[in-house]
Amino acid sequence: VNGKHVPIPVTIDTVNELFNLNIQTTEEMDEWLKNEQIIPVDENGNPREPENSEEVALMRVGQRLYDLIFKPYTKKQWDKYPVELGPEVLSRIPVRNNHDGRYFSDPHQALPKNGYTAIFEKMLSDPKITVLTSTDFFEVRDKLQCNRLYYTGPIDTYFSDLGWPKLEYRSLSFERVVQKDTPGYFQPASVINHPQAQNIDGEDVDFTRIVEYKHLLNQTSDHTIYFIERSTDEGDPYYPVPNQENQDLFQKYKQMAEQEEGVSFVGRLANYKYFNMDDAILNALELFDKDTAAMFDNNAEESSVVESE
């Protein structure tokens, strides 16, 4: 931001670096935020809940940080300004009154020891499980034989035969860069976001972030690889676009999904909702509990009958 590397989420260090301040304590940070924040009010001047992501950002960090970081980054990521998106988009981003620059505040945070790929390989390595890649589900759905289908694709694609409008999604493109003879790192952290549309030299910056995976899992190498990410409307769907128009349309699809027998709609695309990794796993586990509750109840009843005999 303005040619400087600063922590996001916003912390004391972010504010000190961008505005040349010397905030030291949480009390001083709270006071600074209070002076910056713009609280939305109703027609009677009473505080009200924010109605869009612009109001969320202004309520939490004020105009200056909104203009520097949140407004331009949102435009890049969604091709919409925060005022055009629901409050949940920027409500996800924490604001800290201390020096903790971590995205999450959970006391225990870790990556899988061998990465996520190894987890899913182990989950799927069973002779009873058949994995088909490069296969269009809708071309083979009539050949599937199962008591229950778990569908994780876009919900509007599942019901495309209805002829209804499509839901909006944003995708990503990844530019892979291999940088030789780099025993250290290309950048100071694994993920560097680039919220502004231009850098300090006036050059256009069309990408949202750069990810250098060498930082993760304690990797060592004489070289490094990083990926430049750009947000786009083309490609595989990654992010549901949360505004009122899309939410209203999703509710119509959701009603159809609830009437679909033998099918469970699970995950970000089928629920048209942004899930973090922990929420996505929780969503799957809760659905498993729901769908298997009757099975376990029946087993418990059978065990109870055997014991009584």
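Going by accessible area, probe 1.4 Å, with all protein chains left in place, what is the ranking of I155, I93, I39, largest first? Spell out each step's value before the answer.
Values: I155 0, I93 35, I39 80 Å².
Most to least solvent-accessible, the answer reads I39, I93, I155.
With 31 Å as the limit on Cα-Cα distance, the pairs of K76/K254; K34/K254; K76/K252 that go past it are K34/K254.
Could you rank the peptides 231-239, 44-52 by their average count of other C-beta atoms within 10 Å per residue, with the highest value first?
Working: 231-239: 13.7, 44-52: 11.7.
Output ranking for 231-239, 44-52: 231-239, 44-52.
With unit charges on the beta carbons (Lys and Arg positive, Asp and Glu negative) and the dipole taken about the Cα centre of segment 49-195, which residue among P165, V131, H108 sits farthest to the positive side? Farthest towards the positive end: H108. Full extension of the chain segment joining A189 with M123 gains 20.6 nm, where the gain is 0.36 nm per residue of separation less the Cα-Cα distance. Between the helical axis of 53-65 and the longest alpha-carbon principal axis of the chain there is an angle of about 30 degrees.
List the relative contact order of the chain as a percent without decimals, with contacts defined as Cα pairs under 8 Å and 6+ residues apart.
Across the chain, relative contact order equals 18 percent.
Our note on the geometry: Cα centres of segment 235-252 and segment 21-89, 23 Å apart. Here segment 176-209 is scanned for amide nitrogen atoms under 13 Å from the site 7 Å beyond the Cα of H223 along Cα-to-Cβ, giving 177-183. Ellipticity at 222 nm from helices only: DSSP H runs of n ≥ 4 in the chain, each -39500 (n - 2.57), divided by the residue count, give -10500 deg cm²/dmol. Here the dipole of the chain is about 860 debye; that uses its Cα centre as origin and unit charges on the Cβ of Lys and Arg (positive) and Asp and Glu (negative). Sorting the segments 128-134, 196-202 by their residues' average number of neighbouring beta-carbon atoms within 10 angstrom, most packed first, yields 196-202, 128-134. Report the local net charge at Q63: Lys and Arg +1, Asp and Glu -1, summed over other residues whose C-beta lies under 10 Å from its C-beta. Neighbourhood net charge equals 0.
Across the protein chains, with a 1.4 Å probe defining accessible surface, the residues R102, R209 rank R102, R209 from largest area downward.
Against the set (1) 130; (2) 242; (3) 178, the structure's computed volume of the Cα convex hull per residue in Å³ falls on (2).
The lysine pair count for segment 95-238, using Cα distances under 27 Å and pairs eight or more places apart or on different chains, is 9. As a rough guide to protection, the peptides 280-287, 223-230 ranked by mean Cβ packing within 10 Å, highest first, stand as 223-230, 280-287.
The values are calculated or read from the model by the stated rules, or taken from the named source; none is laboratory data. The shown structure was predicted, so the numbers you read here are calculated from the model rather than taken from an experiment. Note that each Cβ is placed from the backbone with ideal geometry, even for glycine, and that neighbours are counted across all protein chains shown. We work out accessible area using only protein heavy atoms, side chains counted, and drop any ligands, DNA or RNA first. Shrake-Rupley method; radii C 1.70, N 1.55, O 1.52, S 1.80 Å.
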